[in-house]
Every structure is written in structure tokens, then in C-alpha cells.
Amino acid sequence: MDEDPYAQEEAREREALMRVTFQPMKQWYVEQSEHAKTYGPFPLFWQDLKTWSPYRAVQRLFLKATEKTGDDQPSHEEEVVPVEVPVEEDAEAKGKRRRKSKWDQDGDVQRNEAATTTTAPPTRKSRWGAAVETTETVDEAPKKKSRWAPVGQAGGDGGPALLSAAEQQSIVLRAKLDALALKMATVVQDAAIIGKDPNRSPSPPPVYDSMGKKLNTREARMRASYESQRMDIIGQLVEVNPLFKPPPEYLRARLQRKLPIPHKEYPTYNFIGLIIGPRGNTQKRMEKEFNCRIAIRGRGSVKEGSKGKKMMSDDHEELHVLITGDREEDIARAAQ
């Protein structure tokens, strides 16, 4: 069954919180020496907080201390002192009453507004004279936006966004692939250095081809081991990152199983004829039924003296049946 997406989201949020609060919590914990006696030393890395048993209790103490510190901080807001606007006295109001003109209505309205206004904050006006409404307050400072991403895309600590588990695994596999490429470039020199080491591990028995050339030299064995590891890492990269494009020489490794043939215990029994069948029909039928490739390998699988037969890497082994397929279930059914 698939995991609950809400549980996965909660786990990612919990890890992000641990990563963001790790440094300030560690600094606070070091300053509070009494907590170290109670809960022990603080972890070195934020990943260790997942397995640290007193993390919940220490987190609650840290949040309480942080909230208390935030409440005790003094406010730096500037006090707004109201400024009284003096009202100009009309010189003619003391004397005789002036006759109201029909064009003087706007002036009366302006004088009334000036008389009633005591404290009016300055407003920013546009070039056309209309007041511009602003939502900024004294406490809020203008936020500097990024030119590449909207606000909130960066990590909680101001660093890059958190990588998912698949992305982290892809980066690790890429690093291993680069390290193997460097080893394969210097495999000849490394094999020569190891060959001169008197404390080196014993070599396997030599294997020669039909021309008498040694096949399993130290360089060939090291190169084959590196190539096998390289193909394994490329296969993992293809599964983790669907966008990864494997190299042209990459072939998905097929599963195989070797079944020994007890020809020494039963020398008179024709195992090869039983497996292959008349005109190879038994072998073809089993390959089609189990969706696997079935072949006989090892010493005695080819008649001695036959020419034109390509030497295989397992021809020096004991006589056995080699089953190759893409699925483990098919190989198990064919082996039965």
C-alpha cells in the first residue's frame, strides 16, 4: 500500500522545522547549562534531532524562552505628538459681518475643515494631486523581493530550498559515478601499483583463452568490477530520476541463476539431451513458457576440438545450466 501523502507532508515539514531551528536552539541550549545536565549533550547535526529522545521537551522549553524574550523586548515605536493647527482668525469677523458671495462657498468649506482638523498624518500625493493610499505601517518594513523567485520560495534559514529524498539520492549517486569514472581512467596504473604490493590478496587461478592469452588479469578484474558497479549505479539513477539519460553503452543488467548439473554423480545419465530435447524443442518450449533464456555452460558443454565456438567467461566452470531473465519470478519458475 502507498504511504499516506499527509503523513509524508507532515514529515517533510517536521524536518524543515528541525533544520531551521537547529542553530538558534543549539546556541540557546549551550547557554543554559542546567539543561545539559538533565538532557545530555546537544546533537552535532540537525539530522540527529530525529532520533534524539528529549527533543520534544527541549523544543517546548526553547519555544517558551523565545516567546518570553520576544515579549520583554521594548517597543521602538515613535510616539506621535499631535500638532495643533492654528485657526486663522478672520479679520472681518470681529467687525461688521461680510456679505456672503455665491462664489465663496469653497472658501467656507476649506475654513471649516481647517478648524475641525487637529492632527492629520501626512499623506503622499501623486503628481496629479490625488492622495495615494498606502498600506504600510510604522512597524512593517518594505520587503525586498527576489528577482528570480517570489517571496517564500527560499528555505526557512534564508538558504536554498530543501531537496527531496529522491533529489538527495540522485546527487549522491552522481558523485559515486564521477568517482568511478576517475578510477577507471587510472585502472592501469592502479593495477600495476597493487601488483607490486607484497601484502596484496592472493590472485584467483589463471584462466586462458583458446590462444593462450590470460583473461583474468588484475587489470581486467578491476575493470570488470568497476564496470559492474557503474552499471548498477546507472540503473539506480534511472529508477530515482526518470529524466536521467543513461549513456549509450548502458544495458539493463538481467537477472541470472546457475543450476549445477550432477554429471559426476550420475555419469551415465544424459542431462544435456534431456534439457535440450530433440532438435532443441524442449529448450525452446521452456524459454517460451517461462520467458527466460536457458543455456548450458561450463566444461563439457561443447565437444572438444570443435572450431568456430566463441569462448565464454564461464567455460572454465563446472557444467551448469544458466537461466537469464528480467524477472525473479520467471527465473524461479524455470529453476523448478
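Order the peptides 213-223, 237-247 from the highest to the lowest mean number of other Cβ atoms within 10 Å of their residues.
The densest-packed peptide leads the list: 213-223, 237-247.
Please work out the C-alpha center-to-center distance from the range 253-299 to the range 19-51 and express it in whole Å.
About 63 Å separates the Cα centre of the range 253-299 from the one of the range 19-51.
With θ taken as phi - 60° and the coefficients 6.51, -1.76 and 1.60, list the Karplus ³J(HN,Hα) couplings across the range 165-180 in order, rounded to whole Hz; mark glycine and proline as x.
3J(HN,Hα) across the range 165-180, in whole Hz: 5, 5, 5, 5, 5, 5, 5, 5, 5, 4, 5, 5, 5, 5, 5, 5.
What order, most packed first, do the peptides 188-197, 10-19 have when packing is the mean number of other Cβ atoms within 10 Å of each residue?
The peptides rank, most packed first, as 10-19, 188-197.
A 20 angstrom limit on the alpha carbon distance is what I want to check against. Which of Lys176/Lys245; Lys26/Lys50; Lys214/Lys264 exceed it?
Violating the 20 Å Cα-Cα cut-off are Lys214/Lys264.
For Ser225 and Tyr55 in the same chain, what is the full-extension length gain: residue separation times 0.36 nm, less their Cα-Cα distance, in nm?
That works out to 56.8 nm of additional length.
Consider a paramagnetic label point 7 Å from the Cα of Ser164 along Cα→Cβ; state which residues of the range 3-40 have an amide N under 18 Å from it.
3-16
If I model a spin label as a point 7 Å beyond the Cα along the Cα-Cβ vector, how far apart are those points for Ala192 and Tyr266 in nm?
5.4
From largest to smallest, what semi-axes in whole angstrom does the range 12-66 give when each is the square root of 5 times an eigenvalue of its alpha carbon gyration tensor?
17, 12, 10
Provide the packing ranking of 224-236, 173-185, i.e. peptides ordered by the mean count of other C-beta atoms within 10 Å per residue, highest first.
224-236, 173-185
We did not get these values from a lab; they are worked out from the coordinates using the rules stated. These numbers come from a predicted model, not from an experiment. Reconstructed Cβ throughout: ideal geometry from the backbone, glycine too, with neighbour counts over all protein chains shown.
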